[in-house]
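Engineer: Following this message is one structure expressed as structure tokens.
The values are calculated or read from the model by the stated rules, or taken from the named source; none is laboratory data. What you see is a predicted model; the values in this text were computed from it and never measured. Methodologically, a virtual Cβ is constructed for each residue, glycine included, from the backbone with ideal geometry; neighbour enumeration extends over all protein chains shown. The protein model used for the area step is the full one, side chains on, heavy atoms only, and it has no ligands, DNA or RNA in it. Shrake-Rupley method; radii C 1.70, N 1.55, O 1.52, S 1.80 Å.
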Amino acid sequence: MAINQEDRHDSGLILINKPRGMTSFGVVSRLRRLTGIRRIGHTGTLDPFADGLLPVCIGRATAAVQFMDGYDKTYQLGIEFGRATDTQDLTGQTVFEHDLTDAEKKHLSDTCFIDLYRSVEQLIGQRQQTPPMYSAVKIDGRPLYEYARRGQTIERKSRLIRIDRALVTSVSLDGVFKASIVIGCSKGTYIRTIADDLGRELGFGAHAASLTRLQCGPFKLEQAQDLEQLFAWRENFPDQPSFRRYLAEQKILLPIDLAFSDFPNIDLPKTEAVRLIQGQPVWLSAEELTGQLPDFNLDGPVVVNSEERLIAVCRLLEEFPLGIRLKTERVLIDLADFQQA
């Protein structure tokens, strides 16, 4: 798969290492200034106090954002015990404090922090989680944090989340009880809520003291670019188009295809691909589909390619007796671009 030649300098993905203290929208704003492209969107919002990997889509690659939002993610969570806050992180107001007694510290040390390790191990699996009041979840058209800032508490519905990995990587009891945990989880998991939950379970109270996103879907933090470095490089170029060309040549501006590297994919003949791009119905027999996707199911999205080009993201609908119809979720290429040599 390859992005259109004419678009490859103006469209793609940039992986940013978001610094602490900056909003995710702040990253987008700076990239607009840097590249001269207005059509930019990010996937997987990071709180201002958090840092780490933030995938950003530029130009026509913003079509991928809706599918990237469902990525699983991995975080490094720094927890400080002894203080719980209303935001569940270090930026909030204290709502509970507990100074660990010498006896409690001795118990933690003598047992090698077994209570913490057990609680973290029990995080693995599916569970219901209630979004915190300081979150962007909307109720009656307003994000929860607006209610929270007015001192209001709104009833929220819990949601099903999944934690695949939870590993304590370090523990310290030097003055303050602290721990660092790596968490691999599904979309929509509030990591600072996990810190708060662990504080409640151990009885000490806790908050998220630091949060770093290590992975988002197929992308890892070590692939990400520092904003300051990008601005430093920009000074070496006379204009924004030449700088964008440099980013593409250095593989800093990545092709949209990579956003779908973990998705099941199928290939269509050119004539069928044209029909799909034009919005016409396309069916495959179960045998044809099984030949490309032996373990296909009708639940998730499928990426469609043709002529080594990325065409669309579709759902599979069984329509007896016609076969399996490709229901278009998003066409990712223009017909003229696809048909050009």
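Engineer: Mind checking whether some residue in segment 229-243 is open to solvent by less than 10 Å² (accessible area, probe 1.4 Å) and part of a helix (DSSP H, G or I)? Show your work before the answer.
Structural biologist: Step one: of segment 229-243, the residues open to solvent by less than 10 Å² (accessible area, probe 1.4 Å) are 230, 243.
Keeping just the survivors that are part of a helix (DSSP H, G or I) gives 230, 243.
Yes.
Engineer: Working only within segment 260-285, note down all residues that are open to solvent by less than 50 Å² (accessible area, probe 1.4 Å) and either under 30 Å from Asn17 (Cα atoms) or outside any helix (DSSP H, G or I) (or both).
Structural biologist: Phe260, Phe263, Ile266, Leu268, Val282, Leu284, Ser285
Engineer: For segment 286-341, give me each residue that is of a type in the set (Lys, Arg) and either assigned to a loop (DSSP other than H, G, I, E, B) or buried (at least 18 other Cβ atoms within 10 Å of the Cβ) (or both). Spell out how you get there, then give the answer.
Structural biologist: The first filter runs over segment 286-341 and keeps only residues of a type in the set (Lys, Arg), leaving 309, 315, 325, 327, 330.
Correct list: Arg309 only.
Engineer: List every residue pair whose Cβ atoms lie under 9 Å apart, where the two residues are 6 or more positions apart in sequence or sit on different chains, the first residue falls within segment 303-322 and is among the polar types (S, T, N, Q), and the second residue, located anywhere, is open to solvent by 40 Å² or more (accessible area, probe 1.4 Å).
Structural biologist: Asn305/Met1; Asn305/Asn265; Asn305/Asp267; Ser306/Asp267; Ser306/Pro269; Ser306/Lys270; Ser306/Glu272
Engineer: Could you check, for segment 231-243, whether at least one of its residues is touching a helix residue (DSSP H, G or I) at 6+ places or on another chain (Cβ under 8 Å), among the aliphatic types (A, V, I, L, M) and at pLDDT 95 or above?
Structural biologist: No, the conditions are met nowhere in segment 231-243.
Engineer: Could you list, in sequence order, the residues of segment 247-259 that are in contact with a helix residue (DSSP H, G or I) (Cβ under 7 Å, 6 or more places away or on another chain), of a type outside the set (Val, Ile, Thr) and not in a loop (DSSP other than H, G, I, E, B)? Walk me through it before giving the result.
Structural biologist: Restricting attention to segment 247-259, the residues satisfying the condition of being in contact with a helix residue (DSSP H, G or I) (Cβ under 7 Å, 6 or more places away or on another chain) are 253, 256, 259.
Still in the running and of a type outside the set (Val, Ile, Thr): 253, 259.
Within segment 247-259, Ala259 is the sole residue that qualifies.
Engineer: So which strands (runs of 3 or more DSSP E) stay within segment 1-114 end to end and still have 3 or more residues that are in contact (Cβ under 8 Å) with a residue 60 or more places away in the chain and open to solvent by less than 60 Å² (accessible area, probe 1.4 Å)? Step through it out loud before you land on a result.
Structural biologist: Details: elements: 12-18, 40-42, 51-58, 73-81, 83-85, 94-97.
Passing ranges, in order: 12-18, 51-58, 73-81, 83-85.
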